[in-house]
Structure formats: C-alpha cells, structure tokens
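So the structure is just underneath, and the comments pick up after that.
Each value in this text was obtained by applying a stated rule to the coordinates, not by laboratory testing. Not measured: the values here are computed from a predicted model. Here the Cβ positions follow ideal geometry from the backbone for every residue, glycine too, while neighbour counts run over all protein chains shown.
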C-alpha cells in the first residue's frame, strides 16, 4: 500500500478529529488540489516543500485566472490550515503561509430605497385590517433606523412621546436612545389607542400576546411593499439602510449616524459615505454638460 500524501493525512484529520462535514471537506480538497496542480507545474512534487514566495506566485496565478478575492481568501484559508497542521506535527520547520494575504474582496454596498420610494412605502392606508399597526411599524423603522430585533422587542414603556424618543437594547446589550419623527409618533399613538397598549405590553404583539416574531415582520414587509407598488426586495434592514443613507445625505454627519445606528465602530458606518458618493456621482453625471463619463 502506497503511503498517504500529507494532504490525505490532513483531510483524514479534518474528517475524524475535527468532524467536518462532507461539504466542507470537499471544499478543502478542491483548494488543496489546486495548490498541488500548480506546484507540479512548477516542478515541485511535495507541496510541503513550497516557500512563501512560491505561495505568493500561486495566489497571483489564481487571481490572473479569474478567481474572485472571496474565493482566493477561502483557498488561502485552506492552505494556512494545512501548513499549520504540518507545523504542529513536525513535518515542516515554519509555515510558508503565515504571512500570506489574499486581495481584499470589495465590500458590497447595501441597497437602499430613494426618498420617494421610502415615502411611498410608509404612507400605507390605515383602513385595512392591521393598517394602523403596519403604518406604525413602517414609520418607526424608517424614522429611527431600528434593527429588526430591536423593533420586535419594543414595549410601550420604551417610547417617550413627549420628547419624541425611543430607547432600545441593541447588539451586545448596549442601550441607546434615538429620535422618533413626528409622522412615526402620530402613527404609533393611533396604533396604541386602537390596540389599547399598556406600558408593559409589546408595541407589536404577535399571536398569543407576546412580541411579534422577526419572521412575521419580514413576511409582512414583503407583502406591504408589493401592495404599495414597490417590487424591490424590501426587508427590515433595507429600511435601516435607507434611514442611514438619507440622514447622512442631508446632514453629512457620519459620527451622528454612527450613534443613531448603534455601531460600535465607525468603519461599519462608513459604507454609507460610499452610497452618498455614489448618489452624488449620479447627480453629476446627469447634470454636468461635460460629465458623460464612461461606466
């Protein structure tokens, strides 16, 4: 019987000791096979003998071949795990993949509704069944940029109608207080009167009187968007994105938007500056007589 290759040994370790799924094992196998084939093309029989510069050349070759940054990151992750395992078992003196980095994947910009679409969505007629509740829900999402989990957990005691504020418990159990606009306040007050909400009851109750479930809100938003003539994929986070983009577009205050959204790191909020620049570029292209830039 021929001895197992280092890669076969590594995959057996992942299967037996790490109990990885068949799907994950297949991904590791494909990534390491790609490395093996490239190494053989360079005249290297044993991938354990590769050094850092050769691995960099492998990454560059895969990039030229059209592999996306995300796929390259996954491929490099498999290589790092493999060489760490070889190092741990004394098969190599140092990992050649330790200092290797893949090209950064471009961050995908969030989709947003423009202002007209947002108004079209939230201005629901309130005479339909649950119309007052739905209007209050949409107005609050767009007015205050709440996360889905924050909206579902909300109780009437968390709303200060006199000051126009709502207090929520965000990620990491961090409490924050954000403004509630006049349209949202009016919609919420109408819904409270209709539902006879008390301080301790959920603002948006589900079946059985407990808080509405996130899934129920997601489904309802999709239905309401179609009813209002919006055929984008409308979901709770789209309203949060739209809120942030529109506030930043009007104010230019990135730090303020960070506080409103409850982001721990301003780098998370900075993605909305890209949306703002994208919007300005469209305005420029449409308005400037010498724009006509190539897309």
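For region 190-259 versus region 21-61, the spacing of their alpha-carbon centroids is 48 Å.
What the Cβ-Cβ distance of residue 9 and residue 264 gives, at R0 = 45 Å and to the nearest 0.05, is a FRET efficiency of 0.60. Approximating the spin labels as points 7 Å out from Cα along Cα→Cβ, the residue 253-to-residue 91 distance works out to 5.8 nm. Among 127, 26, 134, sorting on how many other beta-carbon atoms sit within 10 Å of each Cβ, with the fewest leading, yields 127, 26, 134. With a simple spin-label model that places each label point 7 Å from the Cα along the Cα-to-Cβ direction, the separation between residue 68 and residue 30 comes to 1.2 nm. Subtracting the Cα-Cα distance of residue 237 and residue 101 from 0.36 nm times their residue separation leaves 45.8 nm of extension gain.
Among 193-201, 235-243, 252-260, the peptide with the highest mean count of other Cβ atoms within 10 Å heads the list, and the full ranking is 235-243, 252-260, 193-201. Counting 0.36 nm for each residue step from residue 16 to residue 169 and taking away their Cα separation leaves a gain of 50.9 nm.
Largest first, the extents of the alpha carbon coordinates of region 6-88 on the three principal axes equal 34, 26, 18 Å. A protection proxy built from the mean count of other Cβ atoms within 10 Å ranks the segments 215-226, 59-70, 136-147, most packed first, as 136-147, 215-226, 59-70.
For the chain, adding -39500 (n - 2.57) for each run of n ≥ 4 DSSP H residues and dividing by the number of residues yields -17500 deg cm²/dmol at 222 nm. In the list [x] 1.39; [y] 1.15; [z] 1.02, the label attached to Cα Rg over 2.2 N^0.38 Å as derived from the coordinates here is [x].
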